[in-house]
Amino acid sequence: MSFQPNVPPSLVARKLKAENEMGIDDDEPKKQSREEWKKQRELEEMRKAGTAPAMKDEEGKDINPHIPQYIMQAPWYFGAETATLKHQRQQPEKIPEYAPLGVSFKKGVKEGPIAVKFRKGACQNCGAMTHSKKDCLERPRKIGAKFTGEKIAPDEYLVPVLKQDYDGKRDTWNGFDSEEHQRKLQEEYREIEEAKRTLKEKVLDESLMTGEDGGDKEAKVCCFLIFNDGEDKYYAEEMDMPGQKFETKQRITVRNLRIREDTAKYLYNLDINSAYYDPKTRSMRENPLKNTSKEDITELKFGGDNFVRYSGDSQEMAKRQLFAWEAYERGNDIHLQADPTKLELLHKEFEKRKGEFKKTAKDSILDKYGGQEFLEAPPKQLLLAQTEDYVEYSRTGSVIKGQEKAAVKSRYEEDVYNNNHKSVWGSFWRDGRWGYACCHSFIKESYCTGDAGKKAEEESNLLAIPGNIRANQIAEESLLQKHNKKQEEKEKKKKRKQKKKKAKSKKKESDSSSSSDSSSSDSSSSDSSSSDSSSSSSSSDSSSDEEDEEARKKRLLKEALEAQNSHDKKMSRLLQMDERKRPFNSMVDVKAPTDEEMEAFRMKMRRTDDPMSNFLPD
């Protein structure tokens, strides 16, 4: 696979024309030699084998050498000059642009003063400026606001029309205002807290009036206030989930069904002395593969019903269920499946109070009997200077295994500022020099002068500015002089080349004239005539230059006339054809016409105001 430029025919024709104008006459295109073709094939095979680097595209990325030639080759209208795969990718002008996600915009009625009189261009029914009468959603008035000028409706926010992609059209949270949601939650929380406070005060007042012990009653009220927000909504009307309580009237058994692809529990181990299988409940509590080679948990497919019961969060779920049952027996209406959040919060509160009670009991015992110093004793490893940790050392004293390698620390002191500095050396940089950021001092180990040093440094910079400006001007002037010198040298080279071309053309014409004279006369006369012609040409350089210029103009005019004739014939032929069959070419080179082309156009132009123009030949 190799890159071959695929250029349009018009570009090839233009290149050929340019080469002909420059004097390069190549009738046939250059063909690839056999050695070059062989080297190219070897390079392709090496690229496919991976021994040679892959071909690079214009971005420097590798091109897979196994891509076929017809895929890598760009079409002629793409205009690729180097190896590329851009024509196989989606073009940037065809990629649709969508609005980004999370664009927030306001909705509803605008806040602020409302108009007091009808405005031009507003809705004739309600007087709002954001819609017309046919789009108005208010009740049609008997007499619109246009004529009454009263009760002008406020303007609404116009929702922008956004071009969204697949995700944007299905974004359910588009336009959601989180601040408004938080504000609503805070207001509801404040109302609930006020209701709880008033209810608690009422319960305490009642306990004081009756003289009863309000401790248990207060705790129940607190739990009630924490979890009951005043809504009389219950899940399934106090109906518990089946199989969740100890009452036999509400307990419901569910059949344990299985599918045909499942292996029966009693088929995992056919040993009689293995785990017991209960056919009535279809349960096998113990591990049937215990004390066998398949006891490893990685190969275990079924480890008994107790394995599921005592793995993961099942134990925590069992504790929460037990807590729910105990709370229900004490009069608290709580359920694991119906209200798990309420149960979790109540359990946290219970654990917190339980920990506080244990701590108070412990503190009371220590205050009464003492012994706090024995509880604060160091660990046994420090007391006996012995540990059970295995550490292996080498002969040099380095740790081989048994202890993690300590992190390497820097041998230099960190965050230590000397000489009253507040920053380290190297925290400030200007004009290729390092210094301190606290005082802008460029001298290492200098004493910090603070803001005074900064001001002094700025003043010194201001004084040094004119010299810098002068140096920059000198540098700019030197660069300008260099540029002018280069331009002068280029112009001199061009003039030399033009003189050489003119000398060559003169030499060719003199050679042709001398050869014609020698054919018509004797050798002696030809020598004399050639010497005379050379002497005359050297004496009359200015006249020959004028003659050459006239001959060149005639030749260019003749070529322009021929090109104009061919163009006219082509245009007449195209006008006679059907417009659907006319060829077209978008790669035509458009440039300003020359003086000879304009002269040929004027000579060929037909003047309609001339009465004898119809008698002229085409």
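Quick one: which residue in 71, 95, 63 is of a type outside the set (Phe, Trp, Tyr) and under 30 Å from residue 161 (Cα atoms)?
Matching residue, one of 71, 95, 63: 95.
Among residues of region 80-106 that are farther than 23 Å from residue 61 by Cα and in contact (Cβ under 8 Å) with a residue 40 or more places away in the chain, those with a beta-carbon under 7 Å from a residue that is open to solvent by less than 90 Å² (accessible area, probe 1.4 Å) and hydrophobic (A, V, I, L, M, F, W, C) at least six positions away or on a different chain give the pairs 99/162; 103/162; 105/159. For region 166-182, the set of residues classified as of a type outside the set (Phe, Trp, Tyr) and open to solvent by 100 Å² or more (accessible area, probe 1.4 Å) consists of 169, 170, 172, 179, 180, listed by residue number.
Mind listing just one residue for me: the one in region 424-445 that is aromatic (Phe, Trp, Tyr) and outside any strand (DSSP E or B) and, of those, nearest to residue 414 (Cα to Cα)? Full working, then the answer.
Start the filter on region 424-445 by keeping residues that are aromatic (Phe, Trp, Tyr), which leaves 425, 428-429, 434, 436, 442.
Adding the requirement that they be outside any strand (DSSP E or B) leaves 425, 436, 442.
On the way: 425: 12, 436: 16, 442: 21 Å.
This residue is 425.
Report yes if some residue within region 239-256 is assigned to a loop (DSSP other than H, G, I, E, B), modelled with pLDDT of 85 or more and of a type outside the set (Phe, Trp, Tyr); otherwise report no. No, every residue in region 239-256 fails to be assigned to a loop (DSSP other than H, G, I, E, B), modelled with pLDDT of 85 or more and of a type outside the set (Phe, Trp, Tyr). Filtering 120, 146, 163 for residues that are part of a loop (DSSP other than H, G, I, E, B), open to solvent by 50 Å² or more (accessible area, probe 1.4 Å) and either closer than 21 Å to residue 107 by Cα or touching a residue at least 24 places away in the same chain (Cβ under 8 Å) (or both) leaves a single hit, 163.
Cβ separations smaller than 8 Å between residues 6+ apart or across chains give the following pairs from region 267-278 residues that are closer than 15 Å to residue 305 by Cβ to residues that are open to solvent by 100 Å² or more (accessible area, probe 1.4 Å): 268/301; 274/290; 275/285; 275/286; 275/290; 276/285; 276/286; 277/266. With respect to the conditions (1) open to solvent by less than 90 Å² (accessible area, probe 1.4 Å); (2) within 43 Å of the chain's Cα centre (by Cα); (3) touching a residue at least 12 places away in the same chain (Cβ under 8 Å), residue 132 lacks only one, and its number is (3).
If I filter region 458-481 down to residues being modelled with pLDDT of 70 or more and under 44 Å from the mean Cα position of the chain (by Cα), which single residue comes out as surrounded by the fewest Cβ atoms within 10 Å (Cβ to Cβ)? Selected residue: 458. Taking each residue of region 445-460 that is under 21 Å from residue 426 (Cβ atoms) and looking for partners that are part of a helix (DSSP H, G or I) and open to solvent by less than 70 Å² (accessible area, probe 1.4 Å) with beta-carbon atoms closer than 8 Å, six or more apart or interchain, yields 449/456.
Of the residues in region 320-339, how many are in contact (Cβ under 8 Å) with a residue 12 or more places away in the chain and open to solvent by 70 Å² or more (accessible area, probe 1.4 Å)?
Within region 320-339, the first condition is being in contact (Cβ under 8 Å) with a residue 12 or more places away in the chain, and the residues that meet it are 320-321, 323-325, 327-328, 331-339.
When the remaining residues are screened for being open to solvent by 70 Å² or more (accessible area, probe 1.4 Å), the result is 328, 333, 337.
Total satisfying the criteria: 3.
Any idea which of (1) open to solvent by less than 40 Å² (accessible area, probe 1.4 Å); (2) at pLDDT 85 or above is the one residue 317 doesn't satisfy? Here residue 317 clears every test but (1). Region 7-107 holds helices (runs of 4 or more DSSP H) entirely within its bounds, and those carrying 3 or more residues that are open to solvent by less than 100 Å² (accessible area, probe 1.4 Å) and either small (Gly, Ala, Ser) or within 30 Å of residue 583 (Cα to Cα) (or both) map to 9-22, 69-72. Each residue in region 304-354 was checked for being outside any helix (DSSP H, G or I) and not aromatic (Phe, Trp, Tyr), and 14 of them qualify.
Rundown of residues vs (1) among the β-branched types (Val, Ile, Thr); (2) over 30 Å from residue 92 (Cβ atoms); (3) modelled with pLDDT under 85, yes/no style:
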site: 31; (1), (2), (3): no, yes, yes
site: 42; (1), (2), (3): no, yes, no
site: 45; (1), (2), (3): no, yes, no
site: 59; (1), (2), (3): no, no, no
site: 65; (1), (2), (3): no, no, no
site: 73; (1), (2), (3): no, no, no
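The values are calculated or read from the model by the stated rules, or taken from the named source; none is laboratory data. Model, not experiment: these values are computed from the prediction. All Cβ positions, glycine included, derive from the backbone under ideal geometry; neighbour counts span all protein chains shown. Ligands, DNA and RNA are excluded from the accessible area calculation, which covers all protein heavy atoms including side chains. Shrake-Rupley method; radii C 1.70, N 1.55, O 1.52, S 1.80 Å.
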